[in-house]
DNA sequence: GTGGATGCAAATAATTTGCAGCGCG
DNA sequence: CGCGCTGCAAATTATTTGCATCCAC
């Protein structure tokens, strides 16, 4: 799937959600949505601001913060706190996934594990709970072919 | 196991870890360790400071911050970011557990799930990683006996 | 004794907000 | 053509740090 299509889809989905919530589809929001749609990583607000400004230099940091808060409430993005410091975002909406954080490189890798999620639901039920959402972050290091433990 | 014993154990463990790292066992650190040992919940820095001051009013907020950073590095506590805002802490060292967060009450409940952890290790290995640590937070709501979905 | 630890206050970092003007619906 | 949205700057919140003093080793 070409980027343009993915982006277009993301924007229409955005349009629908904004309309539903009564919020307006403004130029800054379009730009930020596009930036999010094109992001393959998990950028923080500063980075989103940088990328948004590359498209429209008039966009302020405050607007990026406000927009991320709105998008999070609308379920358009997910906020993560992988480490201390700035929060990082990714466009949600697609199928759920969790994250590996490579401790050495700082890299964040997405992965799917339906088996784990099934177990979670089971454990939650055992405790009398229904799952609304979850966050699983696994801090890892790469296993080298010739690795002797550490 | 009575609280006094648990607390005493925690303090001796603390003493050992501080000695190993070359850090000093000062009065504020003793107090904060005791507060952590007696905590059944997951207090934030302000709350720890409040409790520490109840024992020794001279203890400053800065020292609580510095001590929590030290304790985290020594593996004495775990830092959590259950929600935005202040970080929350718990005394680590015991067997690992994860957390339910009751979205309605804000309550944090600990749970064990070795099955889930086994699966995590398997999934990580599948991706070429070795697990160093992990964080699983499940946001839940209580299932009422007569509950019709929402 | 002496270097690490503390308290205090001031400094940073991360995020939010008040307000006047602008533009989407 | 009004009310929500924006930019800017100032305000808040969370955490860190410089410095003089203090005390654990």
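Every number here is computed from the coordinates shown, using simple stated rules; none is lab data. Given the structure is predicted, the values throughout are model-derived calculations rather than measurements. When we count neighbours, we look across all protein chains shown, and the Cβ atoms used for this are built from the backbone with ideal geometry, even at glycine.
The value of relative contact order for the stretch A:80-126, using C-alpha pairs under 8 Å at least six residues apart, is 22 percent. For the residues A:111, A:100, A:71, a GNM of chain A with alpha-carbon springs under 10 Å puts the largest fluctuation on A:111. Distances between copies at residue B:46, taken between label points 7 Å from Cα along the C-beta direction, are 2.6 nm in increasing order. Can you tell me which of B:75, B:37, B:22 moves the most in a GNM of chain B? Springs connect C-alpha atoms under 10 Å apart. Of the options given, B:22 has the highest mean-square fluctuation. How large is the helix-only mean residue ellipticity at 222 nm for chain A, computed as the sum of -39500 (n - 2.57) over DSSP H runs with n ≥ 4, divided by its residue count, in deg cm²/dmol to the nearest 500? The helix contribution divided over chain A gives -14500 deg cm²/dmol. Looking at the calculated P(r) for the stretch B:16-150, what percent of the C-alpha pair distances fall above 22 Å? So the portion of pairs separated by more than 22 Å is 50 percent.
Ranked from shortest, the separations from the 7 Å Cα-to-Cβ label point of residue A:130 to its equivalents in the other copies are 4.3 nm. Calculate how steeply helix B:61-73 sits against the longest principal axis of the alpha-carbon atoms of chain B, using the helix alpha-carbon long axis, and give the answer as 0 to 90 degrees to the nearest 10. Its long axis makes an angle of about 60 degrees.
In which sequence would A:144, B:141 go, from the one with the fewest C-beta neighbours within 10 Å to the one with the most? Mind dumping the intermediate values first?
On the way: A:144 9, B:141 17.
Fewest to most other Cβ atoms nearby, the residues stand as A:144, B:141.
Output the 0 to 90 degree angle, nearest 10, between the alpha-carbon long axis of helix A:114-126 and the longest principal axis computed from the alpha carbons of chain A. With both axes taken from Cα atoms, the answer is about 80 degrees. Taking the fewest neighbouring Cβ atoms within 10 Å as the starting point, the ordered list for B:136, A:132 is A:132, B:136. Is the C-alpha gyration tensor of the protein assembly as shown telling us rounded, prolate or oblate? Criteria: a/c under 1.5 is rounded; beyond that, a/b larger than b/c is prolate, otherwise oblate. Prolate shape, in that a/c is at least 1.5 and a/b is the bigger ratio. Helix B:27-38 versus the longest principal axis of chain B: what angle, 0 to 90°, nearest 10, using Cα atoms? Rounded to the nearest ten degrees, it is 30.
Below 8 Å, C-alpha to C-alpha, sequence gap of six or more: please give me the relative contact order for the stretch B:24-150 in percent. Spell out each step's value before the answer.
On the way: 125 pairs, mean separation 24.2, N = 127.
Relative CO of the stretch B:24-150 lands at 19 percent.
Each other copy holds its own label point for residue A:87; taking that point as 7 Å from Cα along Cα to Cβ, the gaps run 1.7 nm, nearest first. Within the stretch B:1-139, DSSP assigns beta bridges of which about 75% are antiparallel (rounded to the nearest 5). Note on A:89, B:65: ascending count of other Cβ atoms within 10 Å places them as B:65, A:89, the fewest first.
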